[in-house]
1. Yes or no: Glu43 more than 15 Å from the chain's Cα centre (by Cα), under 20 Å from Asp110 (Cα atoms) and at pLDDT 85 or above?
2. Check region 88-101 and report whether any residue there is of a type in the set (Gly, Ala, Ser) and closer than 24 Å to Asn44 by Cα.
3. Any idea which residue in region 69-96 is surrounded by the most Cβ atoms within 10 Å (Cβ to Cβ), counting only those that are more than 21 Å from His51 (Cα to Cα) and modelled with pLDDT of 75 or more?
4. Answer with yes or no whether Gly135 is closer than 24 Å to Glu45 by Cα and outside any strand (DSSP E or B).
5. May I ask you to list the residues in region 96-118 that are in contact (Cβ under 8 Å) with a residue 12 or more places away in the chain and of a type in the set (D, E, K, R)?
6. For region 1-12, check the following and say yes or no: at least one residue is at pLDDT 65 or above, basic (Lys, Arg), part of a loop (DSSP other than H, G, I, E, B) and surrounded by 11 or more Cβ atoms within 10 Å (Cβ to Cβ).
7. Please enumerate the residues belonging to region 46-91 that are touching a residue at least 60 places away in the same chain (Cβ under 8 Å) and assigned to a loop (DSSP other than H, G, I, E, B).
8. Confirm whether Ala112 is under 18 Å from Glu45 (Cα atoms) and not in a loop (DSSP other than H, G, I, E, B).
Amino acid sequence: MNRLTVYDPFADQGFDDLFRGFFRPVRTGGVPGAGTIKMDVTENENAYAVHAEIPGAKKEDVQVSIEGNQVTISAEIKREAQQKEGQGTLRSERYFGTVYRSFTLPTEIDEAASAARFENGVLELTLAKKAAQTGKKLTIQ
């Protein structure tokens with residue numbers, strides 16, 4: 001069974017203490033950065049199943065592209081203006097902008113047999129594995 005492994009060099013605690021703490025005085029007071037697409041990838045004998053959380057995105061703003069065995073998920077999260085007259089915003093911590101995530105799977109994907117569904121901020125992908133090409137014997141003349 002092949003496993004999808006994601007390595008984050010910034011997750012190492014020693015690196016975190018050394019560099020992230022060094023820039024702490026320069027940071028702007030608590031403004032959150034871009035959100036990340038969190039996902040789970042499972043595999044069975046015929047397909048991969050991907051569950052990706054994209055909170056705040058709408059169905060029409062989510063794109064999935066497949067090139068061989070590389071999958072890219074991108075979404076645009078828009079801010080809805082709901083400010084009433086006589087009311088001002090003191091602080092806004094909600095993110096808006098573009099987020100994306102790209103990953104490589106061990107097997108090529110059959111785009112025609114794959115499916116995607118987006119509901120309540122969760123993207124569900126069923127990525128069908130491409131049938132293995134059987135070797136062809138050549139006759140020697």
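1. Answer is yes for this residue.
2. no
3. Phe96
4. Against the criterion (closer than 24 Å to Glu45 by Cα and outside any strand (DSSP E or B)), Gly135 qualifies.
5. Arg101, Glu108, Asp110, Glu111
6. No, region 1-12 contains no residue that is at pLDDT 65 or above, basic (Lys, Arg), part of a loop (DSSP other than H, G, I, E, B) and surrounded by 11 or more Cβ atoms within 10 Å (Cβ to Cβ).
7. If the condition is that a residue be touching a residue at least 60 places away in the same chain (Cβ under 8 Å) and assigned to a loop (DSSP other than H, G, I, E, B), then Asn46, Ile54, Pro55, Gly56, Ala57 are the ones that fit.
8. Yes; evaluated as a whole, the condition is true for this residue.
The values are calculated or read from the model by the stated rules, or taken from the named source; none is laboratory data. Not measured: the values here are computed from a predicted model. Note that we place each Cβ from the backbone using ideal geometry, even for glycine, and neighbour counts take in every protein chain shown.
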